[in-house]
Each structure stands twice: as structure tokens, then as C-alpha cells.
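Enquirer: Can you keep this structure in mind? I'll have questions shortly.
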């Protein structure tokens, strides 16, 4: 497992199934989204599609590349015993605005099934701190997601 984590954080991304290359930031961001989606013990089609759409748009990937990235992220998240390596890669590789944008994407994934589970909210709070994003910025990102989805934040 340690070897797999080392491979994840090597500068040159290995070629994946389907011939697609994903860099460490793409994998880390997608793996955190998969973690957020699976915190309630369910990873349904709506959550998978939302993650695919978010990473497709964020990283300018094709639909096939985004689907492959979600598959790879799900595999990586399933093999990883902790997600701190993913957050470290994001913290070191994204500037502050990009980290806030990722938190917003994570809120979007957490609400993809129409409700926020306590475990999802807990994960978001922990990731927010690890990414050095303030609670206020995370709260504002959450409100933007709720407004976009038409969910009352009360």
C-alpha cells in the first residue's frame, strides 16, 4: 500500500486504463469527492454523475476521461486507509482560491443525493481545516451550493 501511495504522488502520472493520464491533483481531488460521496455508506448514480461533471469541468476533461478518473479515484479511495495524503497534495498543489473552489465542489457532492449526512458534514469540516480554508469560506461555499441547488439552508 505504501508503494501505491508513493506512485500516486510521483510527478509523472502513469498511464491508466483507457490510455488516460491523471496527475496527482486530479486524483487527489476526485478521491476526496468520492470519500465525501461514500461517507453515508452509499455511492449512487447521482453522486457519481455529479463528481464526473465537476471534475470534467474543473480539469477540462472529456466525459470518458472524467469517468475513468472517477473510477480510478474510487479505487484509490477504497485502497487508502486515510485521506490525509490527498489533502496534503491539494494543499501543496492548489492556491487558496482553488482550495476554496474544491471545498465548494465537495459540498456539491455531499448534497448530490438531496441530503447532507452527518458523516459528510464531519468530513467536510475536517478537510476544510486540513486545506487551510476558513470555516467562514466553507460556509459561504456551502451557501452557494444550496442556492444553486434550490435547497433551503434553514
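Enquirer: Step by step: first the residues of the stretch 9-39, then only those that are in a helix (DSSP H, G or I) and at pLDDT below 50, then the one that is surrounded by the most Cβ atoms within 10 Å (Cβ to Cβ). Which residue is that?
Expert: 18
Enquirer: Has the stretch 118-128 got any residue that is modelled with pLDDT of 90 or more and outside any helix (DSSP H, G or I)?
Expert: Checked against the condition, which is being modelled with pLDDT of 90 or more and outside any helix (DSSP H, G or I), the stretch 118-128 yields no hits at all.
Enquirer: Could you list, in sequence order, all residues of the stretch 59-69 that are in a helix (DSSP H, G or I) and either in contact (Cβ under 8 Å) with a residue 60 or more places away in the chain or surrounded by 18 or more Cβ atoms within 10 Å (Cβ to Cβ) (or both)?
Expert: Residues satisfying the conditions are 65, 66, 67, 68, 69.
Enquirer: Would you say residue 49 is more than 22 Å from residue 146 (Cβ to Cβ), out of contact with any strand residue (DSSP E or B) (no Cβ under 9 Å at 6 or more places or on another chain) and assigned to a helix (DSSP H, G or I)?
Expert: It is false that residue 49 is more than 22 Å from residue 146 (Cβ to Cβ), out of contact with any strand residue (DSSP E or B) (no Cβ under 9 Å at 6 or more places or on another chain) and assigned to a helix (DSSP H, G or I).
Enquirer: On to the next question. Residue 42 versus (1) surrounded by 21 or more Cβ atoms within 10 Å (Cβ to Cβ); (2) in contact (Cβ under 8 Å) with a residue 24 or more places away in the chain: which is the lone unmet condition?
Expert: Here residue 42 clears every test but (1).
Enquirer: What tally of residues in the stretch 92-113 results from selecting those that are over 14 Å from residue 138 (Cβ atoms), in a loop (DSSP other than H, G, I, E, B) and either touching a residue at least 24 places away in the same chain (Cβ under 8 Å) or within 12 Å of the chain's Cα centre (by Cα) (or both)?
Expert: Residues in the stretch 92-113 being over 14 Å from residue 138 (Cβ atoms), in a loop (DSSP other than H, G, I, E, B) and either touching a residue at least 24 places away in the same chain (Cβ under 8 Å) or within 12 Å of the chain's Cα centre (by Cα) (or both): 3 in total.
The values are calculated or read from the model by the stated rules, or taken from the named source; none is laboratory data. Everything quoted here is computed from the prediction, not taken from an experiment. All Cβ positions, glycine included, derive from the backbone under ideal geometry; neighbour counts span all protein chains shown.
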